[in-house]
Amino acid sequence: MSLDRRAVLTAVAGGFLAGCAASPDSAGRPRDPSSRPGPATVPTPPPAPSRTASPSPKPAPRVTRAATVARYGRMTPASWGFTPPGVVTELPSTAGRAIALTFDACGGPGGGGYDRKLVDLLRSREVPATLFLNARWIDANRAHFEHLANDPLFEIANHGTRHRPLSVAGRSAYGIAGTRDAGEVFDEVAGNQEKLTALLGRPPRFFRSGTAYCDDIAARIVAELGERFAGFGVNADAGATFTPAQVRAAALTATAGSVVIGHMNHPAGGTAEGMARALPELLASGHRFVRLSDAVH
């Protein structure tokens, strides 16, 4: 997708990426008193097994909160937004005409719903997708989570512990307070990483912050924790605020290699109906759909 087209979509969407987050209090902090900080340590994912016999590798070193703070706590970010270095915003050229559909489930007050029509649509069309699930949404939708996690059509990814913009300097996005320092970045990523690892039996490969905003230092911390920061190139539903016609129009701007963002936690929104209109047209034009891990290595 061209930068001009992406800029137009971002401008149209405005602050709607924050639409499924907990509303901030008068001080700008998300209302989420039950949230807990992340674990003090998180194991990095092990390397892929070799096809030939070899000695068992040594256990991967543990990434600790203290080490993260010591390494990154004094660094000053050079960028802030949707596209800091290292953020995945499109698929590699080797993916051909593939498009990656990604859907966020943000959790928290007003964000804990489940768009069954959208999920049923993807299943009926056999369209794979990457699902970014927040820790609070998982807690509120454990049965739905189990069904999604056991369906090979879907890849489960990390959408954070408290759905916060990811900043080492306390930056905010759309009035939602971000993480305040390197330690809180660690907590936001590692808390839900630990939950998903325990539930799935393996760590998630991809992470997306609340609102999809991050700075370059925070993105480096995500990488050190063993995950890729996933951005987007096409905003399909503006935080589930678009009408079905708007969702269709936005989704149809996707081209070969696009990473599309939508939401699966607002069943009353226009996402499911809009995608139902767009998917046949995208398929008829020769596109195919993949999970992020199918194309990004």
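Consider the range 169-192. How many of its residues are over 30 Å from E146 (Cα atoms) and either surrounded by 22 or more Cβ atoms within 10 Å (Cβ to Cβ) or hydroxyl-bearing (S, T, Y) (or both)?
So the count comes out to 4.
Conditions tested, residue by residue: (1) modelled with pLDDT of 95 or more; (2) in a helix (DSSP H, G or I); (3) not hydroxyl-bearing (S, T, Y).
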residue	(1), (2), (3)
A219	yes, yes, yes
F229	yes, no, yes
T253	yes, no, no
G274	yes, yes, yes
E281	yes, yes, yes
G286	yes, no, yes
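Of the residues that sit in the range 109-147 and are assigned to a loop (DSSP other than H, G, I, E, B) and closer than 20 Å to R162 by Cβ, which one is nearest to the chain's Cα centre (by Cα)?
First pass over the range 109-147, keeping only residues assigned to a loop (DSSP other than H, G, I, E, B): 109-115, 126-128, 134, 141.
Those still in the list that are closer than 20 Å to R162 by Cβ too: 109-114, 134, 141.
Numbers: P109: 19, G110: 18, G111: 15, G112: 16, G113: 17, Y114: 16, N134: 9, N141: 17 Å.
Checking each candidate, the answer is N134.
Out of the residues in the range 193-213 that are in contact with a Lys or Arg (Cβ under 9 Å, 6 or more places away or on another chain) and within 24 Å of A238 (Cα to Cα), which is surrounded by the most Cβ atoms within 10 Å (Cβ to Cβ)?
Taking the candidates together, the pick is G210.
Starting from residues that are surrounded by fewer than 19 Cβ atoms within 10 Å (Cβ to Cβ) and of a type in the set (V, I, T), keep the ones in the range 84-104 and report whichever is farthest from the chain's Cα centre (by Cα).
T94
So the check is Cβ under 7 Å with 6+ separation or different chains; which pairs have a first residue in the range 138-161 that's at negative phi and a second one that's polar (S, T, N, Q) and not in a helix (DSSP H, G or I)?
Close Cβ pairs satisfying both conditions: E155/T130; A157/T130; H159/N134; T161/S35.
Being without any contact (Cβ under 8 Å) to a residue 60 or more places away in the chain and in contact with a Ser or Thr (Cβ under 6 Å, 6 or more places away or on another chain) is the filter here; which residues of the range 244-297 pass it?
V247, G270
The values are calculated or read from the model by the stated rules, or taken from the named source; none is laboratory data. This one's a predicted model, so the numbers in the text were calculated from it and none came from an experiment. FYI the Cβ positions are ideal-geometry reconstructions off the backbone, even for glycines, and counts take in every protein chain you see.
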